[in-house]
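Undergrad: Before we start, here is the structure in question, set down as structure tokens.
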Amino acid sequence: MNQTAAFSQRAFNQALKKYYGIYTGGFLAFIVLLAIAEQIGMSRRAIGLAFLFATIGLYAMIGILSRTAEVAEYYVAGRRVPAFFNGMATAADWMSAASFIAMAGTLFLSGYDGLAFIMGWTGGYVLVAVFLAPYLRKFGQFTIPDFLGARYGGNLVRTLGVISAILVSFVYVVAQIYGVGLITSRFTGLEFGIGVFVGLAGILVCSFLGGMRAVTWTQVAQYIILIIAYLIPVIWLGVKHTSNPIPHLSYGYVMQKLAEVEKKIAADPKEAEVRKLAKARSDAAAEALKNPEKAYADGKAALEKRLADLRAANAPAAEIEAAEKALAAYPPNVEEAKKRWTADRGLAPHAAALRPHAEAFPGANEEARDVARRNFLGIVLCMMFGTAALPHILMRYYTTPSVREARKSVFWTLFFICLLYWSAPTLAVLAKYDVYSNIVGLKHADIPGWLAAWRAVDPDLIRFVDINGDGVLQLAEMRIGGDLIVLMTPELAGLPYVVSGLVAAGGLAAALSTADGLLLTIANALSHDVYYKMIDPHASTKRRVTVAKTLLLLVALLAAWVTSYKPGHILFLVGAAFSLAMSAFFPALVLGVFWKRANKWGAAAGIVAGLGVCIYYMVTTYPWLREVFGITKPVAEYMWFKMQPISAGVFGMPVGFITMIVVSLLTPKPEQEVQDFVESVRYPQLAGAIDTRGT
């Protein structure tokens, strides 16, 4: 029987290689055809729509072909996904809108500090391989709450696991849907809110029809698209600036040139003038907003007095005319004045000094540099431990044929992730050099139209303000959001528009692949762990899958609705999900595998305490959440060690570990059956066997 299964698995592997080889060749041919069509007059809008509908149509076709009503196929893809393809699917599941869209953007804006995300996310897979993946695969079953329920017994910890999985995945999926809406609205011309729901159709078409089986094979297809889309602009910019098609090996040369440009910009007196004006206007606006009515009356009275004084003194006509214009331009009422002051207060970032790209831990003094170091390490830790606790990633290791394949799958996942993560720092430096050299210094009237088109999508993404009124764009007058850098790179590099469409398709693939996995995690937690395990253990296979699909649709619509309010930029939302995951899951999972004394009371208390501390810190320190909850006290009163809200997990996870250990020691130890279960999970002696338990 084992020989037959092994032969069948080999045949399946060969078929997959053949099909995806044909698929890759076909996609490259599609790009070439669109490039030819662009040269003979195909419009940009048509190219964008072609990429959008062709790729979503392709994913839909895979979803339709993979539709299933079998429980094992729907939840874990039949446990027969080879390590190579599972690594590719996991990489696509992992490399969300944050990795594809926001990673290079963060490095563009933060320079050295942005490396914290790469170090943390990549290092996290070492923790996955060592501490969790093989043991979870040995356990079998379908979900992370499944493991918690079996390990700790009863439904208490399972329920907390479900709540935590839903919270983590929901925050994460909002970031993906935001990325989908951003891309869809830019390349179709739809309003952002509508673009969100149009993109949602592409997310649902795979996960809704075929569950994990459809999501897995779609994610393999999506990885191929996203990595091609990411590497082409990097290679092109590399050839442009280094004459090397592999700029990863030589972009240090561009960093040297970038440093020279940064010194030139920093020494420009116009830059200093802009920063000084921005600070003055921002400070004055902030002061006026403290008492708008008084500030409005005082400001108007001052202008009227100046005009009267000039007239009384028979001042030159030009001065009197200027004073009249200033009075005429003064806001007609307090509400209009508040709008203007709010806009001026937003100039505060324009007053910040230029920070060299390669400078580590910047700060005006040693205390500021210490804060920068702490936040750098905090992000590294949160991304590492969060990676090892994300439910939608850990679920992927249930889909491999064996424990050995699960271990190999982690290796392939790292390989496929590194192809992009090695490219992100290179892309950030090349794009930054291009912006500083070719955009800064232009006249405001000559700013390229494609930048204006991005501003029309979302004014927060890109902003140009002629602060000193000289008509020339200084660096301090420009703000580009990190979510825009990768998407605008083809146009920045002067590539054919077909490459812009390709990059958009890659970003869409990254967001869709992760969103599929996240929505499936939420729906599975509700349908399998709540409905089947707690409410109706005798539910038929068809009913279980139907419930899962219904819940998936409802959750997706709710997530899209939340996304339309733009609750935060992509990187924060993703980072918040990692902090929540490490606080809720990592202690319970790791101690559940390696410490037989851990019991359900300890696990429950650890999850509640860790997650509670993490949520409290985010709510009290993140601006959007502070506004939602009406918190008015200064944020400094809530910050511990001046850590940013994205790193809340550095407080939540230790609290979770300590609470779990203490409570476990103070309460009765687990039954012998549970301790035997831990032994069986920790020693997967039949690593080569195909495990079908739980199917």
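Undergrad: Using a 10 Å Cβ count of at most 11 others and DSSP loop calls, identify the longest part of the chain lacking such trypsin sites (Lys or Arg not before Pro). Intermediate values should be presented prior to the final figure.
TA: On the way: sites that count: 290, 693.
After excluding every exposed loop site, the longest remaining stretch is 291-692.
Undergrad: Something else now. In nanometres, what is the gap between the two model label sites at residue 327 and residue 666, each 7 Å from Cα along Cα-to-Cβ?
TA: 7.4
Undergrad: Do any chymotrypsin sites (Phe, Trp or Tyr not before Pro) in the range 553-625 lie in a DSSP loop with no more than 12 other beta carbon atoms within 10 Å, and if so, which?
TA: Those that pass, being in a loop and sparsely packed, are 565.
Undergrad: Here is a further query. Roughly speaking, what is the stretch gain from residue 608 to residue 64, that is 0.36 nm per residue apart minus the C-alpha to C-alpha distance, in nm to one decimal?
TA: On the way: separation 544, 0.36 × 544 = 195.84 nm, distance 4.01 nm.
Taking 0.36 nm per residue and subtracting the Cα distance, the gain is 191.8 nm.
Undergrad: Taking GluC sites (Glu not before Pro) that fall in a DSSP loop and have at most 16 other Cβ atoms within 10 Å as cut points, what is the longest piece of the chain between them?
TA: On the way: sites that count: 70, 191, 359, 671.
Looking at the chain, 360-670 is the longest stretch - no exposed GluC sites (Glu not before Pro) with at most 16 other Cβ atoms within 10 Å.
Undergrad: Same structure again: For residue 472, list long-range residues whose amide hydrogen, built 1.01 Å from N in the peptide plane, is under 5 Å from its own amide hydrogen.
TA: Amide H neighbours of residue 472: 444.
Undergrad: Work out the length of the dipole vector of the range 521-598 about its Cα centre, built from +1 on the beta-carbon of each Lys and Arg and -1 on the beta-carbon of each Asp and Glu, and round it to the nearest 20 debye. Write out the running numbers ahead of the final one.
TA: Details: 8 positive and 2 negative charges, 41 e Å.
Using only the charged Cβ atoms, the result is roughly 200 debye.
Undergrad: For residue 270, which lysines qualify as cross-link partners when the Cα separation must be under 25 Å and same-chain residues fewer than eight apart are set aside?
TA: 257, 279, 432, 443
Undergrad: Would you mind pulling out the separation of the Cα centroids of the range 411-485 and the range 122-139, in Å?
TA: Comparing the Cα centres of the range 411-485 and the range 122-139, I get a distance of 37 Å.
Undergrad: Shape of the range 536-695 from its Cα gyration tensor (a ≥ b ≥ c, root eigenvalues): rounded if a/c is under 1.5, otherwise prolate when a/b > b/c, or oblate?
TA: On the way: a/c = 2.44, a/b = 1.32, b/c = 1.85.
Oblate is the answer for the range 536-695, as a/c is 1.5 or above yet b/c matches or exceeds a/b.
Undergrad: Then there is this: Pick the calculated Cα extents along the principal axes in Å for this structure from (i) 105, 67, 45; (ii) 90, 87, 51; (iii) 89, 61, 49?
TA: Computed from the coordinates, Cα extents along the principal axes in Å corresponds to (i).
Undergrad: Counting only heavy atoms of the protein chains, get the accessible area per residue of the chain (1.4 Å probe) and round it to a whole Å² value. Could you put the intermediate results ahead of the total?
TA: Values: 27970 Å² over 695 residues.
Per-residue value: 40 Å².
Undergrad: Per the 1.4 Å probe, what fraction of the accessible area of the range 341-457, in percent, lies on carbon and sulfur atoms? Don't skip to the answer; put the middle values down first.
TA: Numbers: 2760 of 4420 Å².
Summing carbon and sulfur atoms, their accessible area is 62 percent of the total for the range 341-457.
The values are calculated or read from the model by the stated rules, or taken from the named source; none is laboratory data. For clarity, every value in this text was computed on a predicted model and none was experimentally measured. With ideal geometry, Cβ positions are generated from the backbone for all residues, glycine too; neighbour counts draw on all protein chains shown. Just the protein is used for accessible areas: all its heavy atoms, side chains included, with ligands, DNA and RNA removed. Shrake-Rupley method; radii C 1.70, N 1.55, O 1.52, S 1.80 Å.
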